[in-house]
Amino acid sequence: MTGKPNPLFSMILGRIGLGLVSILIVSLVIFSTVSLLPGSYAAAILGQNATPEAVAAFEERLGLDQPWFWRYLQWLGSAVRGEFGLSFSGRPVIDIIGPRLVNTVLLASITAVIAVPLAVTLGIICARYRGRPIDRLISTSSLAAISFPEFFIAYVLMMILAVQLQLLPSMAGIRDGMSFGEQLYRMILPVLTLLMVILAHMVRNTRAAILSVMSSAYVEMARLKGESEDRVIMYHALPNAIGPIASVVALNLAYLIAGVVVIEVVFVYPGVGQSMIDAVRNRDVPVIQACALIFATAYIGFNLIADVISIVSNPRLLHPR
Amino acid sequence: MHDTANPEAAAPVIEIRDLWIDGKLNETWAPIVKGVSLSLRPGEVLGLVGESGAGKSTIGLAALGYLRSGARATAGSVRIDGTDLLSIPEADRRPMRGTRVAYVAQSAQAAFNPAHRLMEQITTVAVKRGGMRREEAQKRAVDLFVALQLPEPNTFGERYPHQVSGGQLQRAMVAMALICNPSLIVFDEPTTALDVTTQVEVLIAIRKVIEDFGVAAIYITHDLAVVAQIAHRVAVLRFGEIIEEGALDRILNDPRHPYTQSLWALHDMTLDKSDQHGQGGGALLSIESVSARYGDFAALTDVNLQVEKGATVALVGESGSGKSTLGRVITGLMEPSEGQILWDGKPLATKVQRRPLETLRRIQIIYQSADTALNPRTTIRKIIGRPLKLYHGLRGKAREARVTELLKMVELSEAFADRYPGQLSGGQKQRVAIARALAANPELIICDEITSSLDKVVQAEVLRMLLDLQDRLGVSYLFITHDIEVVRVIADRVVVMQNGRIVEQDDTASFFAPPHEPYTEKLLASVPDMAGGWLDAIIAQRAV
């Protein structure tokens, strides 16, 4: 056992390396596709009557006349430093999306802190009482929640809680000047909506992951040893279902960062998705690229963490022969 | 075997009376256990023998008051110390499991939880319900490890299941069953998943602790030879009914029911070895200095082997010895790293993709599990018809006629042609797989453990049929197996493999006659003998 490096470390290092390579490839794809988009920022800004000379001068000022690979390297370098360069409007990209990214992460964190433990608990309850009324209730309602588009859920919640009952504000436009309590209050509706969207997915997958383990011989053996059903689930089944649960949680956390654009628009929440939409409208390429790269990094990062968790939760890898 | 102390006097540890259990199949309930009654005195060992599907495991689990989902008890009682397990709620049954009745599962590899250390899993019942303190339970576990001759008993429990070999894990499971000193243990085929050489070790360990701890046991198996070493009494089960029950000696020496007699079929199947096949036929297949590797692992090393025309060569060895790899190399599914394969004196292409159709036709393979080798969504007609079209271009009426003929060859009626594999029994499916191989008119059939998932009776029938076909068609077999019994019946020549090398080659008669190579000796000695006392002899021999 001594002296031999645990294969776990090399495996985890390998995964991290692969993750970095993926991010690099994605960055290349993002940069080249956005550059290929039709239409010119200069032409759009200067209007249809601009002379070619004016357009060329404008492009030179923004560095658009450089070869694209050179621009890519510069962009990548600034992205690594967390700056993302200058937007076409002249402000640093990070100043535009930075505060909004904070808002998005705040919304995602609040939702995740509630959703993940709740989903895993509900999933365990469903698996524990499989086929009983509580399982059917949760399973059916989560299926229903998955089936509706997210904006529909958002509007239904808004109609009931904000318009009819007048309990909550329908707009979630938080500002710096607000107290944190006020911000939280305004975020209740988006959080509720996101909960409904991601809970269902995680509950169903947790339930399925545990149930697939429940049919194994060691679970039957545990019952034949006289273990109680609660212990069978928590001690015998759950530790063997962590891998699949982690990967569905990761997917949903990534969605909270990158997929909430629609929710942000519905509730006018000043998140990073909003700034991406604004940027697309204005053809502000550096901002679009920065957003896309952040979203991709979130997906890759969370899946990487899930991978590592499922590797570490496998006793065969954690305790080699 | 040995005597139990005055078995008549003590009250039974378990009494099963007129037990009826329904099983759910395709949404309808049908009885799978039909009025079974059993009773065991303290320290008594009952062998429960029968084919798969006879209801052995269902009865064994019912002894713990446990029914799998899709099973329900409809009548009868299972009394442990006077309490009927079937009439009390699950919450009251649970505390009795592991403490008064314990269970040893077929595959310890699957039945131990991969996520927890062995010691934790073994002692949990004792600590939770057996009234022992943790240290006490761990000390008892270590004592049991010693009794079961597990290596490094003091630290054995710190390991995880995957860090321990199959035979050790099975013994660890016996320790787990004994931890609370139960009065009854149900052994459900505890050695079936093991190699013969490992099986002996586990059998010895089980026998020893049963005697040392005076625990009563229901020993479930399909192998009469194993039961002969362990049990005092034997109950023979068929279609959910006990058809014969009696003392071990009586069942062994004077089986009355025709079915019990047929269980000896393979053991009694002696072959007229006067007509040795393949003599002077010349080598059909020669394997010359073949080596093969999976990455860094040398799966085959310098293998030399010949199969003569019309002969049967048995390839014997434990799992992992390289038998199946050799089969894959011969069929071209795997490329050898060195050496060559000659067919009728001419070298064969190493890759199956580069072999002409005619070569492919000549070499057919039959797999261990007909379940996975037959497409469940095609009819038997199609399954057998496809090679007829591929190799012989048969169509329409000619093909239909040939399918019927092939079915007849494997002793199945024409009516099977329109069924799906799912509607056939295990033996019937294997016959279809054989018919499919025969459809090509092959000269060599590689049979990869084709009888090991079949019951003894069916095994004997399939082997007899294969020999019959060989006589009529002159086909050669390369018979991969780990079952020495099968070798004795079918082989003209035996090749023993160990760790990817051939350690012995001999014709069958001299293979079974001493002197043997050391490994062969071990292999032969490990095959349970029908005669009671075989295990005693081994134990006595080791004691010397």
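Region B:247-359 holds strands (runs of 3 or more DSSP E) entirely within its bounds, and those carrying 2 or more residues that are modelled with pLDDT of 85 or more and surrounded by fewer than 19 Cβ atoms within 10 Å (Cβ to Cβ) map to B:283-294, B:297-308, B:338-343.
Counting only helices (runs of 4 or more DSSP H) wholly contained in region B:414-500, the ones carrying 3 or more residues that are of a type in the set (A, V, I, L, M, F, W, C), assigned by TED's automatic domain parsing to the domain that holds B:Gly317 and at pLDDT below 90 occupy B:456-473, B:484-490. When B:Arg97, B:Arg159 are checked against the criterion of being within 10 Å of chain A (Cβ to nearest Cβ), under 30 Å from A:Arg321 (Cα atoms) and under 30 Å from the mean Cα position of the chain (by Cα), a single residue qualifies: B:Arg159.
Just to be sure before I move on: is B:Ala126 at pLDDT below 95, over 30 Å from the mean Cα position of the chain (by Cα), within 14 Å of chain A (Cβ to nearest Cβ) and at negative phi in the structure I sent? Working first, answer last.
Details: at pLDDT below 95: yes; over 30 Å from the mean Cα position of the chain (by Cα): yes; within 14 Å of chain A (Cβ to nearest Cβ): yes; at negative phi: yes.
So B:Ala126 fits the description; yes.
Of the residues making up region B:107-117, those that are in contact (Cβ under 8 Å) with a residue 60 or more places away in the chain and within 8 Å of chain A (Cβ to nearest Cβ) are B:Ser107, B:Ala111, B:Phe112.
Residue-wise test of (1) surrounded by 21 or more Cβ atoms within 10 Å (Cβ to Cβ); (2) over 23 Å from the mean Cα position of the chain (by Cα); (3) under 21 Å from B:His222 (Cα atoms).
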position	(1), (2), (3)
B:Asp468	no, yes, no
B:Leu473	no, yes, no
B:Phe479	yes, no, no
B:Gln505	no, yes, no
B:Phe512	no, no, no
B:Glu517	no, yes, no
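Checking each residue in region A:56-75 for being more than 18 Å from A:Arg91 (Cα to Cα) and surrounded by fewer than 16 Cβ atoms within 10 Å (Cβ to Cβ) picks out A:Ala56, A:Ala57, A:Asp65, A:Gln66, A:Pro67, A:Trp68, A:Phe69, A:Trp70, A:Leu73.
Could you check region B:219-260 and list, in sequence order, the residues that are among the β-branched types (Val, Ile, Thr) and under 17 Å from the mean Cα position of the chain (by Cα)? Steps first, answer last, please.
As a first pass, look at region B:219-260 and keep what is among the β-branched types (Val, Ile, Thr): B:220-221, B:226-227, B:230, B:234, B:236, B:242-243, B:251, B:260.
Correct list: B:Ile220, B:Thr221, B:Val226, B:Val227.
Inspect region B:59-72 for any residue being over 28 Å from B:Met176 (Cα atoms) and among the hydrophobic types (A, V, I, L, M, F, W, C) and give the result as yes or no. No: region B:59-72 contains no residue that is over 28 Å from B:Met176 (Cα atoms) and among the hydrophobic types (A, V, I, L, M, F, W, C). Taking the numbered list (1) in contact with a Phe, Trp or Tyr (Cβ under 9 Å, 6 or more places away or on another chain); (2) surrounded by 15 or more Cβ atoms within 10 Å (Cβ to Cβ) in turn, A:Ala79 passes all entries but (1). Looking at B:Gly55, B:Gly35, just one residue is more than 14 Å from every other protein chain (Cβ to nearest Cβ), surrounded by fewer than 18 Cβ atoms within 10 Å (Cβ to Cβ), touching a Leu at 6+ places or on another chain (Cβ under 9 Å) and in contact (Cβ under 8 Å) with a residue 40 or more places away in the chain, and that residue is B:Gly35.
One residue stands out in region B:101-144 among those that are basic (Lys, Arg) and in a loop (DSSP other than H, G, I, E, B): the one that is surrounded by the most Cβ atoms within 10 Å (Cβ to Cβ), namely B:Arg129. For the structure I just gave you, tell me whether B:Ala102 is in contact with a Cys (Cβ under 9 Å, 6 or more places away or on another chain), of a type outside the set (Lys, Arg) and either within 11 Å of another protein chain (Cβ to nearest Cβ) or under 19 Å from B:Tyr160 (Cα atoms) (or both). For B:Ala102, the condition - in contact with a Cys (Cβ under 9 Å, 6 or more places away or on another chain), of a type outside the set (Lys, Arg) and either within 11 Å of another protein chain (Cβ to nearest Cβ) or under 19 Å from B:Tyr160 (Cα atoms) (or both) - is met. Scanning region B:145-158 for residues that are over 22 Å from B:Arg97 (Cβ atoms) and either touching a residue at least 24 places away in the same chain (Cβ under 8 Å) or part of a helix (DSSP H, G or I) (or both) yields B:Phe145, B:Val146, B:Ala147, B:Gln149, B:Leu150, B:Pro153, B:Asn154, B:Thr155, B:Phe156, B:Glu158. Look at (1) more than 14 Å from chain B (Cβ to nearest Cβ); (2) of a type in the set (A, V, I, L, M); (3) free of Cβ contacts under 8 Å to residues at least 60 places away in the same chain and you find that A:Leu194 fails only one, number (3). All conditions but one from (1) surrounded by fewer than 20 Cβ atoms within 10 Å (Cβ to Cβ); (2) at negative phi; (3) out of contact with any helix residue (DSSP H, G or I) (no Cβ under 8 Å at 6 or more places or on another chain) apply to B:Ala73; the one that does not is (3).
The requirement of being part of a loop (DSSP other than H, G, I, E, B) and in contact with a Pro (Cβ under 7 Å, 6 or more places away or on another chain) is fulfilled nowhere in region A:231-243; no residue meets it. Does B:Leu67 qualify as being more than 9 Å from chain A (Cβ to nearest Cβ), under 30 Å from B:Ser452 (Cβ atoms), at pLDDT 90 or above and surrounded by fewer than 22 Cβ atoms within 10 Å (Cβ to Cβ)? Spelling it out, B:Leu67 is indeed more than 9 Å from chain A (Cβ to nearest Cβ), under 30 Å from B:Ser452 (Cβ atoms), at pLDDT 90 or above and surrounded by fewer than 22 Cβ atoms within 10 Å (Cβ to Cβ).
Residues of region A:233-282 that are within 14 Å of chain B (Cβ to nearest Cβ) and of a type in the set (A, V, I, L, M): A:Ile233, A:Met234, A:Ala237, A:Leu238, A:Ala241, A:Ile242, A:Ile245.
Residue check: is B:Leu61 within 14 Å of another protein chain (Cβ to nearest Cβ), of a type outside the set (S, T, N, Q) and assigned to a loop (DSSP other than H, G, I, E, B)? No: the conditions fail for B:Leu61. Does A:Leu189 satisfy the condition of being modelled with pLDDT of 90 or more and buried (at least 21 other Cβ atoms within 10 Å of the Cβ)? The answer is yes for A:Leu189. Counting only residues that are in contact (Cβ under 8 Å) with a residue 12 or more places away in the chain and either charged (D, E, K, R) or closer than 19 Å to A:Tyr299 by Cβ (or both), region A:72-105 holds 9 of them. Among the residues of region B:207-225, those that are assigned to a helix (DSSP H, G or I) and under 20 Å from B:Ala175 (Cα atoms) comprise B:Arg207, B:Lys208, B:Val209, B:Ile210, B:Glu211, B:Asp212, B:Phe213.
The values are calculated or read from the model by the stated rules, or taken from the named source; none is laboratory data. Note that this is a predicted model, so its numbers are computed, not measured. Positions of Cβ are backbone-derived with ideal geometry, glycine not excepted, and every protein chain shown enters the neighbour counts.
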